[in-house]
Amino acid sequence: MDLRTTYMGLELSSPIVVSASTLSQETHHIVEMEEQGAGAVVLFSLFEEQIRAEAARYASVRNATSHMFAEASDFFPNLETYETGTEEYLEKIWAAKAQVEIPIIASLNGITSEGWIEYSRQIEQAGADALEINIFFIPGDIHVSASEVEHRYLNIITEVRNTVKIPVAVKLNPYFSSMGNMAMRMQKAGADALVLFNRFYQPDFDIHELKILSNLQYSGSNEIRLPLLWIAMLYGRVPASLAATTGVESANEVIKYLLAGADVAMTASALYKNGIGYLKTMKNDLDQWMEDMEFSAVKDFKGILSQQNISDPTAFERANYIKVLHSKR
Amino acid sequence: MSTKQKMIATLDGNEAAAYIAYRVNEVCAIYPITPSSTMAELADEWAAKGIKNIWGNIPDVIEMQSEGGAAGTVHGALQTGSLTTTFTASQGLMLMLPNMYKIAGELTAAVFHVAARSLAAQGLSIFGDHQDVMAARSTGFAMLGSASIQEAHDFALISQAASLRSRIPFIHFFDGFRTSHEVNKLELIPDDQIRQMIPDELVFAHRNRSLSPDNPFIRGTAQNPDVYFQGRETVNPFYTATPGIVEEIMNAFAKMTGRKYELFEYTGAPDAERIIILMGSGSETVEETAKLLNSRGEKTGVISVRLFRPFSLAHLLKAMPETVKSIAVLDRTKEPGASGEPLYQDILTSLVEAMQEGNLKKMPKLIGGRYGLSSKEFTPAMAKSVFDELKKDHPKNHFTIGINDDVSFTSLEYDPAFTLDESEWRQGLFFGLGADGTVGANKNSIKIIGENTPLYAQGYFVYDSKKSGARTVSHLRFGPKPIRAPYLISQADFVACHQFNFLYKVEMLEFAKQGGTFLLNSAYDKNEVWDKLPAAAQKFMIDKKLKFYVIDATTVARDTGMSGRINTIMQTCFFALSGVLPREEAIAEIKKTIEKTYYKKGKAVIEQNFQAVDATLDHLYEVTVPATVTGKFVSLTDVVAAEAPDFVKNITAKMMVGHGDDLPVSMMPIDGTYPSGTTQWEKRNISDQVPVWDPETCIQCGNCAYVCPHSVIRAKFYHEDNLKKAPEEFPSAPINSRGFPETRYTLQVYVEDCTGCNLCVEVCPATNPGDRSRKAINMDEKEPILEKEKANIKHFENITWNDRSMIDFSTVHGAQFLEPLFEFSGACAGCGETPYLKLLSQLYGDRLLVANATGCSSIYGGNLPTTPWAVNKEGKGPAWSNSLFEDNAEFGLGMRISTDKHTAVARELLTELGAQAGQPLTDSILNATQVLESEVIDQRKRVAELKEKLSTIDGDRARQLLSLSDNLVNRSVWLVGGDGWAYDIGYGGLDHVLASGRNVNVLVLDTEVYSNTGGQASKSTPIAATAKFAAAGKSIGKKDLAMQAISYGNVYVARVAFGANPQQTLLAMREAEAYDGPSLILAYSHCIAHGYDLRDGLDQQQKAVHSGYWPLIRYNPTLRKKKQNPFILDSARPTIGLKDYAYNELRYKVLTRTHPEQAEKLMKLAQEMVNLRWKNYEELATLPASDFVPVA
């Protein structure tokens, strides 16, 4: 079977890609991912606030403990070389690149304009094949208008695009008034790929302790419908690669996303649950399905269930919704 | 002279010396000791960075377990041909002495670099004088003394070159703190010039003399009466040759660098009649003074002694003008009982010999005096006084200068108003808080000016004696010529007060020059600030016509995102106002430095700092000084309460306000004995936020009182009648035990003593149901409640402490009602050590003897002016002493043996005198068990009765018994110290004491580093953590001292962490005391050296335990005797990974940034070690008793 796919210009041997997760913090895991058939690996995210918080913490500890009394001018070895976070991340890119053939896509989660520019530049220099920018922004301030939020996204994309030459993917959230329009503008601003979707932190409450619970839950296959919808809608309309990244628990979801028009489907939760070796199972299952369905290459079925390719495009729109409502009766 | 461009730097003396020492050696064996630690730290740091010596290799730097160990290693490395050095001071040098005789006796080339420091006598002092090096003068080491930062750099090289050539080992020394810590501008010697000074053939010769199996010989034989003496005399020609060699090397050095030195360097009038001879930094002061006096027509001069050993009479005579009629020799040391101090004696001997030989025509008048002990100021005024004394027909010999000796009348008077011409200098004084970055910013200022302009710069930094809320005073001078002024600033052009409240604590404006500038960091603006100032400050400003500026640095810092860091802002103000550089140029230089400092942190950080600089200038306002004083007069001498003892009022209080220098000799205790419990009189008010108790929410658990590191939170229960006379707002709650309806409970916060650490709030388990953001104790503003709380404290003090026999000691809840006899120490806010000591004082304070190893606990426990070990209402309390760092276990054992001896003698005498004293009383005393508190109290009563009876009995035996009868009440002997002591320097002694079987209790306050000297690694430092001397991560696991002690079988051992399990800590302390044999408690002590906000200290303790890193154990030999398993594992199986604990701390985290692969490797190993130890402990906890060492 020919599982090859092209994702923002990168030639991948398989459409199954490992999404950004802590699994990729260990280089030997990345090696294993390649061995088990991953088409590419998105590295864990470099969080700007983490770097800043650590730098601030480091500075405040140093400040608070320097020159306190005559016997000790400070308490730590002199750390001129102390780099708060980026060094380690860049080292990981370098190490991964040295050990695997598959593309390594770095993931950056910035805050400030300087952060986006500086860190994306460093990531490119460290040898990443592409960069996924993860714009994680909850407009908690109700005075911020939708257009301000949109501009923020677009500005970041423009800045990063102007900084690096490697392909840039944008991991975005679905909460735009006009998702499709926004996707198009992002592409125009410089996004080579769109990754659908980012899951925002959604807290839960402990009703006995009266506390906020901040435990993270893996995405489940029941959550694929929203990204599936939008991939199907965007395929062929926005000239950007599309990646799906929610609810990929098995080859079934990979297949669905590909049918909708995704170039790649990303998963981490399946690997958390079943181990990295599960990549092989997914790949085998995909193979098997293609054989059963008599597809010999991914390109043969990619996007065939997208909105533009099906006979009744309204199936994705209101009529489809009404049909669903009726079916529930 | 080299045509190369000069390498200019601004360094302190330690770095200046270490810079050379590192480059001309192959091995450095080191051990931290103030004030030399920096040299060792730098050597270690440079080696970690891969900086090479002049031969292109990286010196091997090894930290040893003590200076004795370092000296041994140095000796061994030298004997096998490596060029080897060490850095030390004071007690450290004392520990090296035995090896130094060997090294010198074997004619081995080496240099020891010493930041000369006082020796511990009536008290320890970390400050500078020549007592240590003088104690080493008989070792056979040559001694070369530097007087300045430049000399410390140059002489480090000259001594190395001279040692290699002469084969005589050298001590190269300079004044501790004054030179070691002064920052000054100097010219660095380039590597090629260093190389030129150290010829290869001398290095090869050194190696060729070394031990080698390829050329075997033995060295270090045992010699007998027949040859030892002659052998000792063989070295004479080498000593004779050395002064000439040093001179030649100094000449060669001068040719190369342009800096000319002499063995005895004369400065002054060529026809001087009066001269002073001295060594070290003081000589610059005398030289500058002589210059001024000579300009006024006097004929004075100075001989600065560079090479003290071997002492060259010929060179001395050559240096001394023939016109000299009288000489004063100044020694920065004290040799009690000697006919004079060492330099004086040498000069005297030399001159007498010269007279005998006919080399001196007339014997000048010669006097000797002492100055500058323990960094006592030595000023031009004092130098002038000595010159003046020499004018007299009968000048005072064996004088002192700089103090008022009204006991032996040795002191010379001096006029403090005398100063040199300071018009070329711009002098600035900065009063800051230890943690506010003032010192760091000032060091930066010196670097900016010293390294970027033609100006010269000097900085010296004075700290107070506390670790929390300490005041720092920075003394900065700038001028067009090299600044030779090794003394503090008395007339400042610029005074800056970085903390508003200091104005009420110190009269800083007395140091301001007429017409000078005063900058105040003030929350009050230019219109309202005047009326907020104390009257004294206002008066100074009016009288001295000061220009007065204010800035709200705290707000500017906050608004520019630099919260908490006012240093950049205050530094900018200094540059804008001081006139050291033109304003625009100064600001441009600051910005350049910011860019340089933060270039790695990115543009945003740089911009943020730039903004802070610009905003500073926008918010800096001049205040028009009114003509009248409107402020309140606050007398600094009224700092202590009226009811304080006379000693505190007359002596301690003066030290507290910085007037200790004025105390005359007669006011000093003669033998180092000071009254206990004086911190209670020093209300430091260092925290604006203090805990406030909410009686409604409180569950009276006692946790807050238990964890409070400064004994600021105390609890009592009492009859409600006590409330009748209570202040209106005295808080109180019904006690939450059933059956005591008339009993009330109060938790009192001593707000003026609080350091604001927050541990109490963190530990409080009770949440206010009405407002879930509040607990039963909450941090609130102090100012609004201060007066109310002072009244409450007064009332609380009047409520009697609860009857100890009525309290259940075995619970944390009960322990809160025990009076703490360790209070308000100067330890860091949130200290992880002091809660253990407080608990110890609560449990056994009234019968406690403490032997305290040198370290943090001896500093916050015993550093003047005020000390925390206190006394109860009955006049009983802990008796505390510090001997040394290395000997504490032995010192404490001595206390135990002495106590046991006196108890045994008292019992014998009592048995003998039984009938006279009354048999029933005698029997009850002799047969009393003293385990329970009530039993101890009963015994105390019986002994009091006995003493009363004995006082009426005539006879030698009764008098003997009377003098020893207090020993009939059990005494609790505790040996306290840190891990540097227990794991390293005192380990051998500790091991011996534990093996002695005697009833001592050892409390190791384990911070896992040398906390007091700045975080150097000990053998307690865990694997995967960084520390100084382990910058690349400690790669060996922490020593399991517990298991080592357990292997004896008869030692009670516990590992505790009060923040994780306070109950287990309490239990262990009680079991240790109850056990009639040696006990060892290893107490987890969170510390600022771990690198996180200590308010999270308790949480980290829990994580340490929950990760299995710090398993709580008790090993009780008593159980073994009862045929039970003595090994009890008190903590549960690990529930979190080691990373989850460790990576909250900078000491671990830092390695993941600096050496990520090493960090990963070591953390993996560390986790394996934790797992393995846990497995072993679990097995031990389940073994039958017979599997453990039997106990006799």
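The values are calculated or read from the model by the stated rules, or taken from the named source; none is laboratory data. Keep in mind that what you see is a predicted model, and the values were worked out from it rather than measured. Virtual Cβ from ideal backbone geometry, glycine too; neighbours counted across all protein chains shown.
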Consider B:F174 against the criteria (1) of a type in the set (F, W, Y); (2) closer than 22 Å to B:Y261 by Cβ; (3) not in a strand (DSSP E or B): it satisfies all of them except one. Which criterion is unmet?
(3)
Using beta carbons and a limit of 9 Å, which pairs, at least six apart or on different chains, have the first residue in the range B:665-680 and within 25 Å of B:L821 (Cα to Cα) and the second one at pLDDT below 95 and of a type in the set (D, E)?
none
Qualifying position, being modelled with pLDDT of 85 or more and either assigned by TED's automatic domain parsing to the domain that holds B:I449 or of a type in the set (K, R) (or both), among B:D559, B:D614:
B:D614
Scope the range B:1-60; condition assigned to a loop (DSSP other than H, G, I, E, B), under 26 Å from the mean Cα position of the chain (by Cα) and either away from chain A (no Cβ under 14 Å) or at pLDDT below 95 (or both); matching residues:
B:Y31
Would you mind stating whether B:E288 is within 35 Å of the chain's Cα centre (by Cα) and outside the structural domain of B:P169 (by TED's automatic domain parsing)?
yes
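Quick grid of which residues meet (1) within 14 Å of chain A (Cβ to nearest Cβ); (2) touching a Leu at 6+ places or on another chain (Cβ under 9 Å); (3) of a type in the set (A, V, I, L, M):
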{"position": "B:M382", "(1), (2), (3)": "no, yes, yes"}
{"position": "B:S408", "(1), (2), (3)": "no, no, no"}
{"position": "B:E424", "(1), (2), (3)": "no, no, no"}
{"position": "B:Q427", "(1), (2), (3)": "no, yes, no"}
{"position": "B:G440", "(1), (2), (3)": "yes, no, no"}
{"position": "B:A457", "(1), (2), (3)": "no, yes, yes"}
Residue hits (the range A:87-104; within 14 Å of another protein chain (Cβ to nearest Cβ), surrounded by 20 or more Cβ atoms within 10 Å (Cβ to Cβ) and not hydrophobic (A, V, I, L, M, F, W, C)) are A:Y89, A:K92
In the range B:547-578, residues that are over 23 Å from B:F610 (Cβ atoms) and out of contact with any helix residue (DSSP H, G or I) (no Cβ under 7 Å at 6 or more places or on another chain) total 1
B:I807 meets each of (1) crowded, with 18+ Cβ neighbours inside 10 Å; (2) at pLDDT 95 or above; (3) in contact with a helix residue (DSSP H, G or I) (Cβ under 8 Å, 6 or more places away or on another chain) with one exception, condition (2)
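One residue is enough: does the range B:95-106 have a residue meeting the conditions more than 18 Å from B:D191 (Cα to Cα), aromatic (F, W, Y), in a helix (DSSP H, G or I) and away from chain A (no Cβ under 14 Å)? Reasoning before the result, please.
Just the residues of the range B:95-106 that are more than 18 Å from B:D191 (Cα to Cα), to begin with: B:95-106.
Next cut, aromatic (F, W, Y) only: B:101.
Now restrict to residues that are in a helix (DSSP H, G or I): B:101.
The next check asks that each one be away from chain A (no Cβ under 14 Å); those that pass are B:101.
There is at least one residue in the range B:95-106 that is more than 18 Å from B:D191 (Cα to Cα), aromatic (F, W, Y), in a helix (DSSP H, G or I) and away from chain A (no Cβ under 14 Å).
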Inside the range B:1155-1178, can you point out the residues that are within 14 Å of chain A (Cβ to nearest Cβ) and out of contact with any Asp or Glu (no Cβ under 8 Å at 6 or more places or on another chain)?
B:H1155, B:E1157, B:Q1158, B:A1159, B:E1160, B:K1161, B:M1163, B:K1164
Pairs returned, first residue in the range A:105-127 that is away from chain B (no Cβ under 14 Å), second residue that is part of a loop (DSSP other than H, G, I, E, B) and not charged (D, E, K, R), beta-carbon separation under 7 angstrom, 6 or more apart or interchain, are A:I105/A:A128; A:A106/A:A128; A:S107/A:A20; A:N109/A:F136; A:E124/A:V164; A:E124/A:I166
Inspect all residues belonging to the range A:202-211 and state whether any of them is β-branched (V, I, T) and touching a strand residue (DSSP E or B) at 6+ places or on another chain (Cβ under 7 Å).
no
Identify the residue in the range B:474-501 that is of a type in the set (V, I, T) and in contact with a helix residue (DSSP H, G or I) (Cβ under 7 Å, 6 or more places away or on another chain) and, among all such residues, is nearest to B:A576 (Cα to Cα).
B:V495
Is at least one residue of the range B:598-610 outside any helix (DSSP H, G or I), surrounded by 17 or more Cβ atoms within 10 Å (Cβ to Cβ), at pLDDT 90 or above and within 38 Å of the chain's Cα centre (by Cα)?
no
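With part of a loop (DSSP other than H, G, I, E, B), in contact (Cβ under 8 Å) with a residue 40 or more places away in the chain and not assigned by TED's automatic domain parsing to the domain that holds B:A272 as the only criterion, which of B:K466, B:K447 stands out?
B:K466
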Can you name every residue in the range B:1043-1064 that is assigned to a strand (DSSP E or B) and of a type in the set (V, I, T)?
B:V1053, B:V1056
Take the range B:1013-1029 and flag every residue that is of a type in the set (V, I, T) and facing another protein chain (nearest Cβ under 7 Å).
B:T1013, B:T1026
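Which one of B:A1104, B:A1166, B:A1181 is surrounded by 18 or more Cβ atoms within 10 Å (Cβ to Cβ), in a helix (DSSP H, G or I) and touching a Leu at 6+ places or on another chain (Cβ under 6 Å)?
None of the others qualify; the one that does is B:A1166.
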Go through the residues of the range B:1130-1153 one by one and say whether even a single one is in a loop (DSSP other than H, G, I, E, B), of a type in the set (F, W, Y) and either more than 14 Å from chain A (Cβ to nearest Cβ) or touching a strand residue (DSSP E or B) at 6+ places or on another chain (Cβ under 7 Å) (or both).
no
Among B:F518, B:F548, B:F502, the single one that is in contact with a strand residue (DSSP E or B) (Cβ under 7 Å, 6 or more places away or on another chain), more than 23 Å from B:V462 (Cβ to Cβ) and not in a loop (DSSP other than H, G, I, E, B) is B:F548
